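What follows is a short report on a single structure.
The values are calculated or read from the model by the stated rules, or taken from the named source; none is laboratory data. Here the structure is a predicted model, which means the values were calculated and not measured. Ideal geometry is used to build each Cβ from the backbone, glycine not excepted, and the neighbour counts take in all protein chains shown.
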Amino acid sequence: MPSSAYSLRAHLIESLTRIKRPDVPLWVVLRNTLAVVLPLGVGLATGYPQVGLGVGAGALDTMFSDQPGPYRQRMRRLLLATLAAGLAALLGFTIGGQLLPMLLATAAFGFCGGMLVVFGVDAARVGMTSMILLVIAAASPIAPGAALAAAGAIVCGGLLLTLFALAAWPLQRFLPERRALAGLYAGLAALARQRGRDDAANPALTEAMTELQHTLLGRYRAHGRAMEAFTVLLELAERIRLELMAMAELHADPAAYARQREDAARVLEAIAHALETTEPPQPAEQALEALRRNAASRPGGTAAADALAPHWRALDGQLAAAVRNANWAGSRGELRAEAEETQLPRPLQSGAIRAVLRANLTPRSVAFRHAVRMAICLSAALLLARALKLPHGYWLPMTTAIVLRPDFAATFNFGLLRVVGTVLGLVLTTALLLVTPAQPWAHLALMALLCMAFRWLANAHYGIAVAALTGTVVILLSFEGVDSGVAVMDRVVNTALGCGMAMLAYVVWPTWERTHARAALADMLDAYAGYLRALARPGQGDVRREARTLARLARTNAQASIERMRVEPATPSALLELARALLAHGNRLARSAMALEALGDASPSRPAAASAFVATCADAVQSIADALREQRAPDGLPDLRALQQALAGSLVQTEAPAEAESLIRLSDRLTDNINTLAHVLRRAQAAAGKG
């Protein structure tokens, strides 16, 4: 549906009324709130409320870095957020009274914090936290010794929150998702064992896949390597089901193929077991090897065998891909994937910090443009607050840092909800303070309830969460002697100005991401095709490095484009689903290409047939990119599976069996990656044609 069919009024109503289901576990809400309230309570009890305020403020500013993830990943994220908060607070306390140094500091923090969006939401939160602490601390400049002590209290708050988060780390992350996928693969195993068509089984599998598509991979799902593996496994499940159904149609004598179907069922059952238990899928790998040995000994030459051969080849590749991704599904799988990636040369690791930053330090990068906007707006907000001598003026640049996002739609939504939430918080706080006894412990209990509401509802409805945050901050400031009524009114004024400045940054440059998402994804596939072409020409290290850098930039831009499109109202769900699927399978293709490059570095002498196959893969990816850009199905693609089988046969005769085995495995991965991309695009175009 064209964007002209949507009005600003509808956008406002949707932003204000759309409430998602809270996705923060209760124990996370409790431990985060305890890290904020406990220090203040201890400070009040011991006569050191200022120390308690500093520690509680540090925990409050870093609490949103307590996100789901593997143990080491969570610890690293929280410690980084704590360190950034402490350094920013120390700098703000030290130079806050000097305007020019502070303007330079806000510009630097704004640019660096804005660039962190290239590393995902969690890293962006760290940048936002540092900007917030910088401007808040700058409002109360103190002597260097006192500044060090105050920043230390903030660091202690972050460390306390880290301690609580690590102590309560859940060992069963992704349990519902894994069980749902395990049930799906168990259903596929039952389908593989059927001796003929069973029309009653297919609707049940279709319903299960549809439910997983909406709940597991919906608009507000989590992110990370495990979720990417879930996406791939769900896509592979659909393709496996299609192949099994096609073979059921072609079976003239079902009993003749009972052994092959049983072998496939054992692989699927082993995958389901690996998903259920989060154990490495070694039994699935062994079952896959048994399937391949039995397939090699199967006699051919008949018409039925020739008709089934392409389907068996496709099923073999899909099962192999499912086994690989089952190894990465879940929090333990994320750790295994991280350990596996560290075996690659550092420039080839997808999380290489310098390479990602270097690829994005260009005006073509979305992250770079956002960083420049953030630097200018944060400095301008600080300058305006100082020039107008606004009471509690630090709320103005703080609001700008929170509201300003890499895209217009998110900035608009956050700005609108922050203003509405602040006004709502004014009414809520006034009413609650009127009925609460005027005792410190009563106010502390009320602050704890509001803090819990803020943490629990932040991802459900930002406006309501801001109302709770307003009350939390006002009560927190009341322990410093700040009048609650004055504090709330000052916050409303500064919040409105901050949101206005953030919106002004986009008035001169409005964009709607849904009109550019296909182009961004097509550019990503173009870059991957260029990377594969560079890999097909051994010995050109400079060309290869440049192609890899361009691929990283294109991938970062495509991922950012999907994130911006995700928060825009009226984004077609089919387009969002297509974009996510192409990104996930594109990431698989990129990892296969990097593994191929690493293999070439270890053994530069590559057979000419392998290079020719990689070049053919590059042409196929380019054709898919062209079809995506032109909004048509990819036609005329080469039969990569047949070419890969021929390549595997020729490589068996080489004198380097270890390298041949690695090339066969990687060519199999490339074939499955590219065929899946083509399948996803064909399916989307077929659905669009029916619509």
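Brief remarks follow.
- Applying the criterion of being part of a loop (DSSP other than H, G, I, E, B) and more than 30 Å from L677 (Cα to Cα) to the residues of the range 494-520, the residue that is modelled with the lowest pLDDT is P510.
- Residues in the range 24-52 that are of a type in the set (V, I, T) and either in a helix (DSSP H, G or I) or outside the structural domain of A151 (by TED's automatic domain parsing) (or both): V28, V29, T33, V36, V37, V42, T46, V51.
- Residue match in the range 446-456 (condition: surrounded by fewer than 23 Cβ atoms within 10 Å (Cβ to Cβ) and not in a helix (DSSP H, G or I)): no
- Selected residue (criterion: surrounded by the most Cβ atoms within 10 Å (Cβ to Cβ)) from residues of the range 367-406 that are of a type in the set (D, E, K, R) and not in a helix (DSSP H, G or I): R405
- Residue that is modelled with the lowest pLDDT, among those in the range 428-477 that are among the polar types (S, T, N, Q) and within 27 Å of G415 (Cβ to Cβ): T430
Let's see how each residue does on (1) within 27 Å of R241 (Cβ to Cβ); (2) surrounded by fewer than 15 Cβ atoms within 10 Å (Cβ to Cβ); (3) not aliphatic (A, V, I, L, M):
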| position | (1), (2), (3) |
| --- | --- |
| F613 | no, no, yes |
| T616 | no, no, yes |
| L628 | yes, no, no |
| A642 | yes, yes, no |
| S662 | no, no, yes |
| S667 | yes, no, yes |
| N675 | yes, no, yes |
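- R21 vs. criteria within 25 Å of V466 (Cα to Cα), assigned to a helix (DSSP H, G or I) and either outside the structural domain of W456 (by TED's automatic domain parsing) or of a type in the set (D, E, K, R) (or both): no
- Condition check for A615: at pLDDT 85 or above and in the same structural domain as V652 (by TED's automatic domain parsing): yes
- Summed over the range 415-442, residues that are crowded, with 21+ Cβ neighbours inside 10 Å and farther than 22 Å from I19 by Cβ total 0.
Quick grid of which residues meet (1) assigned to a helix (DSSP H, G or I); (2) of a type outside the set (D, E, K, R); (3) more than 16 Å from L188 (Cα to Cα); (4) modelled with pLDDT under 80:
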position: L234; (1), (2), (3), (4): yes, yes, no, no
position: A246; (1), (2), (3), (4): yes, yes, no, yes
position: Y257; (1), (2), (3), (4): yes, yes, yes, yes
position: R261; (1), (2), (3), (4): yes, no, no, no
position: A265; (1), (2), (3), (4): yes, yes, no, no
position: E269; (1), (2), (3), (4): yes, no, no, no
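- Among the residues here, Q653 does not qualify as surrounded by fewer than 18 Cβ atoms within 10 Å (Cβ to Cβ), part of a loop (DSSP other than H, G, I, E, B), at pLDDT 85 or above and of a type outside the set (V, I, T).
- Checking G481 against (1) closer than 30 Å to T62 by Cα; (2) modelled with pLDDT of 85 or more, the condition it does not meet: (2)
- If you go through the range 342-378 and pick out every residue that is in contact with a Lys or Arg (Cβ under 8 Å, 6 or more places away or on another chain) and modelled with pLDDT under 50, you end up with 3.
- Comparison of G58, G54, G41 shows that the only residue that is on the phi < 0 side of the Ramachandran plot, touching a residue at least 60 places away in the same chain (Cβ under 8 Å) and touching a Ser or Thr at 6+ places or on another chain (Cβ under 9 Å) is G58.
- Residue ID - surrounded by the fewest Cβ atoms within 10 Å (Cβ to Cβ), chosen from residues in the range 537-579 that are modelled with pLDDT under 80, within 23 Å of V680 (Cβ to Cβ) and of a type in the set (D, E): E563
- Condition met for L160 (of a type outside the set (K, R), surrounded by fewer than 21 Cβ atoms within 10 Å (Cβ to Cβ), under 30 Å from L30 (Cα atoms) and modelled with pLDDT of 80 or more): no
- Residue in the range 105-114 that is over 23 Å from the mean Cα position of the chain (by Cα) and without any contact (Cβ under 8 Å) to a residue 60 or more places away in the chain present: yes
- When the range 580-596 is limited to residues that are farther than 18 Å from D526 by Cβ and over 20 Å from the mean Cα position of the chain (by Cα), the one that is surrounded by the most Cβ atoms within 10 Å (Cβ to Cβ) turns out to be L596.
- Checking F408 against (1) of a type in the set (F, W, Y); (2) closer than 22 Å to G481 by Cα; (3) within 25 Å of the chain's Cα centre (by Cα), the condition it does not meet: (2)
- Filter result for F412 (surrounded by 20 or more Cβ atoms within 10 Å (Cβ to Cβ), free of Cβ contacts under 8 Å to residues at least 24 places away in the same chain and in a helix (DSSP H, G or I)): no
- Test: residue in the range 87-96 that is part of a helix (DSSP H, G or I), surrounded by fewer than 24 Cβ atoms within 10 Å (Cβ to Cβ) and among the aromatic types (F, W, Y): no
- Unique match (being touching a residue at least 24 places away in the same chain (Cβ under 8 Å), within 16 Å of T495 (Cα to Cα) and not small (G, A, S)) among V372, V419, V427, V366: V419
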